[in-house]
Amino acid sequence: MDENSLIYGLELQARALTPQYGESNEVCFFIATNSLKPTNQLHLISYDEEQGSIQSKVFEHALGEVWKLNSCPHNSRLLASVYNVQKGAQVQAHAALLTLPEDLSLPDGQELKSEYLPWGQEQTLACVVDNKVAVMQRAEASTRVVADVPVTSTGSAKHTVPFTTGKWSHHHQGHQFLALHDCSLSAYDVRDTQHCAWSISDAHSQMVRDLDCNPNKQCHLLTGGDDGYLRIWDCRMPKAPVFERSDHSHWVWSVRFNTFHDQLVLSSSSDCKVLLTCAGSVSSETQAQAGLDGAHFGGGETEERHKVLSDGLLQTFDQHEDSVYCAEWSNVDPWIFASLSYDGRVIISKVPKQYKYQIIF
């Protein structure tokens, strides 16, 4: 076991993990189980670095098996859940908003208050539903479609490949939503239902599984796909990625920029591994470095000259024994991240000290 890692085990299978974004003091993550048993669980875990321990609070998620979680960036007690419900021979996907109790010392098994959504900024939610992207305004209880995948050339809706997932852009004042569609991705301005801001066709040779926006560079985004590649794109130059790696040996399920040091990239895969990669050459820190070097005077030395690491694979984390569906950076500490494998193993890990010190000193 790596000295920088700590394991938290769930009793049930799981594939949904998200940081508790509204929390600003403690390293916290939500995990939800994905079991066919009647009652699933939502775990809120807190990592204490000084004590080297994990504390947890467990709630019932009686709505169904959870496939996706998203935490509200403005409210630490609010999160969205996408889950399956079986009705007869059919399995339907539903979404709900979940509100944690104000007093988290309530007994285990406390049922969460839920607010159902027909589909899923603080008052605006977006959800991909089949071949549509829908946006809901909670305050107005209204929903509108902002994107629609066109029917294929066969003219049959049966052959229309649906959206698979999506994410709000960190930029554009919260008006741009990014959606994955088979091997491609597109950006939509939610103020204009007819406007596709940009698109990248055939971003991967097989299905794109996940994407992330660089929080520090408006035009850069990160994708991972079934071809095992991790790629960084500049949406102004959609014909080819500006950075790519193929260190995974199976499908890439999760990709994330570090929210502070965006040269650090996290990815997880069905090969049971989590990889820490450096994309320093295309990071915002390279631009900052160039600015510092350009402003250099006399014989003094810039303190930031070692800030950008060399491109390439930095570290392989191989403590998982099943497909790793999620890997997420902490929103509180840029050197800590969590990963979740299907067997219910959650691992809290840290960026190795040698890379941390090279970046900050």
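The values are calculated or read from the model by the stated rules, or taken from the named source; none is laboratory data. Since this is a predicted model, take the numbers as computed values, not measurements. Note that each Cβ is placed from the backbone with ideal geometry, even for glycine, and that neighbours are counted across all protein chains shown. All accessible areas refer to the heavy atoms of the entire protein, side chains included, with ligands and DNA or RNA removed. Shrake-Rupley method; radii C 1.70, N 1.55, O 1.52, S 1.80 Å.
What ranking of C196, C213, C219 comes out by heavy-atom accessible area, probe 1.4 Å, highest first? Don't skip to the end; give the middle numbers.
Details: C196 55, C213 5, C219 30 Å².
From most exposed to least exposed: C196, C219, C213.
How do the peptides 230-240, 335-345, 44-54, 83-93 rank, highest first, by the average count of neighbouring beta carbon atoms within 10 Å per residue?
Highest to lowest by the protection proxy: 335-345, 230-240, 44-54, 83-93.
What does the charge count around M237 come to, taking other residues whose C-beta lies under 15 Å from its C-beta (Lys +1, Arg +1, Asp -1, Glu -1)?
Here the count lands on +1.
Which residues in the stretch 17-55 have a backbone N closer than 18 Å to a point placed 7 Å from the Cα of V91 along the Cα-to-Cβ line?
Residues 17, 32-41 qualify, since their backbone N sits under 18 Å from the label point.
Taking 7 Å along the Cα-to-C-beta vector as the label spot, tell me the M237-E60 distance in nanometres, rounded to one decimal.
It works out to 5.6 nm between the two label points.
What is the distance in Å between the Cα centroid of the stretch 45-106 and that of the stretch 1-44?
9
Taking a threshold of 24 Å on the Cα-Cα distance, which of the pairs K68/K353; K68/K217; K239/K273; K68/K273 fall above it?
K68/K353; K68/K217; K239/K273
So how do V129, V282, V208 rank on accessible area, 1.4 Å probe, biggest first, that is with the largest at the start?
I get V129, V282, V208, largest accessible area first.
Tell me, how many Å apart are the Cα centres for the stretch 158-235 and for the stretch 301-360?
Cα centres, the stretch 158-235 to the stretch 301-360: 24 Å.
Applying 1/(1 + (r/R0)^6) with R0 = 30 Å to the Cβ-Cβ distance of N25 and H172, what FRET efficiency is obtained, to the nearest 0.05? Don't jump to the answer; show the numbers that get you there.
Working: r = 29 Å, r/R0 = 0.98.
About 0.55, to the nearest 0.05.
Fully extended, how many nm does the chain gain between S246 and Q354 (0.36 nm per residue separation, minus their Cα-Cα distance)?
The span from S246 to Q354 would gain 36.5 nm if fully extended.
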